[in-house]
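The values are calculated or read from the model by the stated rules, or taken from the named source; none is laboratory data. Because the structure is a prediction, the values reported are computed rather than measured. Don't worry about glycine lacking a Cβ; one is built from the backbone with ideal geometry, like all the others, and counts go over all protein chains shown. Ligands, DNA and RNA are stripped out before the accessible areas are found, and what is left, the full protein with its side chains, is counted by its heavy atoms. Shrake-Rupley method; radii C 1.70, N 1.55, O 1.52, S 1.80 Å.
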Amino acid sequence: MPLLRKGTDDRRRIHFMKQDWKPGTMIYPLPAVLVSCGSCEEDYTLFTVSWTGTICTTPPMCYISVRPERHSYSIIKKEMEFVINLTTRSMAFATDWCGVRSGRDYNKFKEMKLTPGKARVVKAPIVQESPLSIECKVKSIIKLGSHDMFLAEVVNVKADEQYMNVETGKFELNHSCPLVYLHGAYYNLGSQIGTFGWSVRKKKREK
Ligand SMILES: Cc1cc2nc3c(=O)[nH]c(=O)nc-3n(C[C@H](O)[C@H](O)[C@H](O)COP(=O)(O)O)c2cc1C
């Protein structure tokens, strides 16, 4: 009998019972970001994206994968730039709404009472309510199948000062209650478990 309790990752389990599933998109958790685009105020729009991530440190590069039928797709393809706005608990409703309604039918900034702001490098707007807005210039578009992948270089990052710890100089993104997307549902993060490299760091000798 497996000892694993429901909802835990208890390592004491002795039997592993696995199922084979058909190939699918099962890498979770992911962020659910708001991607904003458009070069003038009348065209400003945004939509929700989870197929996104970092792909290179130097130069800083990332991707978004977008279905060609999206209203935002043609805008990004024309302007070759967009902004990835990270989302928070208080942006959760807007994040979901912008992922099920099209900019063809709504002015999403107005409907969701989100504030477009000026980016530093790109013409696309930032979302002022976002803790971090990542300005991107498209380098190439890769046709994959259902989605096209926009490979982009990060040309500027706008960070909200309210998350800046003035004493340590650290940007405390965790204080923004980042929104997490996991297999069809939205969550917040749990508690911190460690920091980068803590597993191999030497413990201070006790005196
Ligand atoms: C959580 C979530 C994640 C999504 N991720 C993507 C994605 O990665 N790529 C994509 O093309 N559409 C994605 N969508 C769907 C689009 O956001 C949705 O079709 C939206 O209405 C498109 O807006 P537009 O027509 O104004 O461009 C996602 C939707 C949700 C709710």
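Side notes on the structure shown:
- Prolate/oblate/rounded label for region 17-99 (Cα gyration tensor, a/c 1.5): prolate
- Temperature 4 °C, viscosity 1.567 mPa s: under these conditions the Stokes-Einstein estimate for the chain, based on its Kirkwood radius over C-alpha pairs, is 68 µm² per second.
- In the assembled protein chains, Arg70 presents an accessible area of approximately 100 Å² (probe radius 1.4 Å).
- Greater than 26 Å apart at Cα, pairs in Lys113/Lys170; Lys22/Lys137; Lys18/Lys143; Lys110/Lys158; Lys78/Lys108: Lys113/Lys170; Lys22/Lys137; Lys18/Lys143
- Report note on the peptides 157-163, 35-41: ranked by the mean count of other C-beta atoms within 10 Å, highest first, their order is 35-41, 157-163.
- Candidate residues Ile64, Ile75, Ile27: accessible-area rank, largest first, probe 1.4 Å: Ile27, Ile75, Ile64
- Selected from Tyr44, Tyr106, Tyr186 as most flexible by GNM, with the chain as the system and alpha-carbon contacts under 10 Å: Tyr106
- When the residues Trp97, Trp21, Trp198 are ordered by accessible surface, computed with a 1.4 Å probe over the protein chains alone, the sequence from largest down reads Trp21, Trp198, Trp97.
- If R0 is 25 Å, the Cβ-Cβ spacing of Ile142 and Met26 corresponds to a FRET efficiency of close to 0.75.
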